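Heads up: the structure comes next, in structure tokens.
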Amino acid sequence: MTPTIRAEERPSRTKGELRRLREQGKVPGNVYGGKQTGSTPIAVEERELLALLRHHPNAVLDLEMPGTGTKPVMVAGVQRDPLTRSVLHIDLREIDLKTPVRTHAPLAAVGESPGGKEGGIVQMLLHELEIECLPADIPDEIPVDVSGLGLGDSLAVRDLKVPAGVTVRTDPSLVVVTVLAPQKEDAEPGEPETDAGAEARGGGEEKAEARS
């Protein structure tokens with residue numbers, strides 16, 4: 001089922017109007033594309049928008065607006081406050097369901113790494129891929145199978161299995177996940193001193209006695 005986002009057309013783009021919208025719990029934005037030229041200024045409910053961005057950041061959305069019916073869109077850009085991370089502005093792009101689009105798909109590690117069982121650290125270096133496909137073929141996530149990775153092993157973008165109809169646009173040589181060897185812990189207090197340490201300490205004591 002395609003997620004839905006409801007919006008209303010806003011009459012002006014003045015700073016005062018934008019401030020009033022945010023005080024009402026709404027986020028200003030624009031819709032681009034379609035048969036129109038330029039963009040249409042809109043406002044959406046902040047709570048509804050945050051839920052969509054959390055669960056469907058790259059999905060096709062059904063945009064509902066009074067008087068215009070429903071049309072498919074995708075999120076084209078999100079402007080956030082650098083301190084609070086609250087959404088200040090949203091850009092939506094109207095799409096053609098029969099035309100491929102470029103977007104991003106999240107990566108998700110699956111399986112259990114043998115290297116991880118040995119104490120290694122499974123570290124994800126990439127968390128999403130840039131892809132191109134028809135809107136209906138956009139995957140919710142792309143699995144990263146780590147079940148064959150031992151200590152020191154890694155997987156690159158080219159090693160991933162993507163769904164049929166999806167073309168990866170991310171550099172194929174980039175490392176997606178690696179298994180780091182466990183770091184050696186420092187010697188615990190109270191452990192026996194090494195011969196070298198004892199000799200060094202003893203030599204220091206002998207020199208001290210010679211000076212006295």
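The values are calculated or read from the model by the stated rules, or taken from the named source; none is laboratory data. Remember, predicted model here, so these are calculated numbers, not experimental data. Ideal geometry is used to build each Cβ from the backbone, glycine not excepted, and the neighbour counts take in all protein chains shown. Remember, those area values only see protein heavy atoms, side chains included, never the ligands or the DNA or RNA. Shrake-Rupley method; radii C 1.70, N 1.55, O 1.52, S 1.80 Å.
Structural remarks
- L97 vs. criteria in a loop (DSSP other than H, G, I, E, B), open to solvent by 20 Å² or more (accessible area, probe 1.4 Å), closer than 24 Å to L174 by Cβ and not basic (K, R): no
- Listed by first and then second residue, the pairs with beta-carbon distance under 7 Å, at least 6 apart or on different chains, first residue in region 133-144 and within 15 Å of P3 (Cα to Cα), second open to solvent by 70 Å² or more (accessible area, probe 1.4 Å) and not in a helix (DSSP H, G or I), are P135/L97; A136/L97.
- Top-ranked residue of region 115-132 - restricted to ones that are more than 24 Å from V60 (Cα to Cα) and in contact with a helix residue (DSSP H, G or I) (Cβ under 9 Å, 6 or more places away or on another chain), ranked as surrounded by the fewest Cβ atoms within 10 Å (Cβ to Cβ): I121
This table checks each residue for (1) basic (K, R); (2) within 30 Å of L50 (Cα to Cα); (3) at pLDDT 95 or above.
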{"residue": "G77", "(1), (2), (3)": "no, yes, no"}
{"residue": "H89", "(1), (2), (3)": "no, yes, no"}
{"residue": "G115", "(1), (2), (3)": "no, no, no"}
{"residue": "G120", "(1), (2), (3)": "no, no, no"}
{"residue": "S147", "(1), (2), (3)": "no, no, yes"}
{"residue": "P172", "(1), (2), (3)": "no, no, yes"}
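- Scanning region 65-93 for residues that are closer than 18 Å to R10 by Cβ, assigned to a strand (DSSP E or B) and among the polar types (S, T, N, Q) gives a single hit, Q79.
- Test: residue in region 82-102 that is among the basic types (K, R) and within 30 Å of G150 (Cβ to Cβ): no
- Where V87 falls short, out of the listed (1) open to solvent by 30 Å² or more (accessible area, probe 1.4 Å); (2) more than 21 Å from T170 (Cα to Cα): (1)
- 2 or more residues under 21 Å from R85 (Cβ atoms) and open to solvent by less than 70 Å² (accessible area, probe 1.4 Å): qualifying strands (runs of 3 or more DSSP E) within region 4-64: 26-32, 39-45
- Residues that are surrounded by 13 or more Cβ atoms within 10 Å (Cβ to Cβ) and within 20 Å of the chain's Cα centre (by Cα) within region 65-78 comprise M74, V75, A76, V78, listed in sequence order.
- Scanning region 133-155 for residues that are under 17 Å from the mean Cα position of the chain (by Cα) and open to solvent by less than 60 Å² (accessible area, probe 1.4 Å) yields I138, P139, I142, V144.
- Looking across region 36-69 at every residue that is among the β-branched types (V, I, T) and touching a residue at least 12 places away in the same chain (Cβ under 8 Å), the one that is nearest to I138 (Cα to Cα) is identified as V60.
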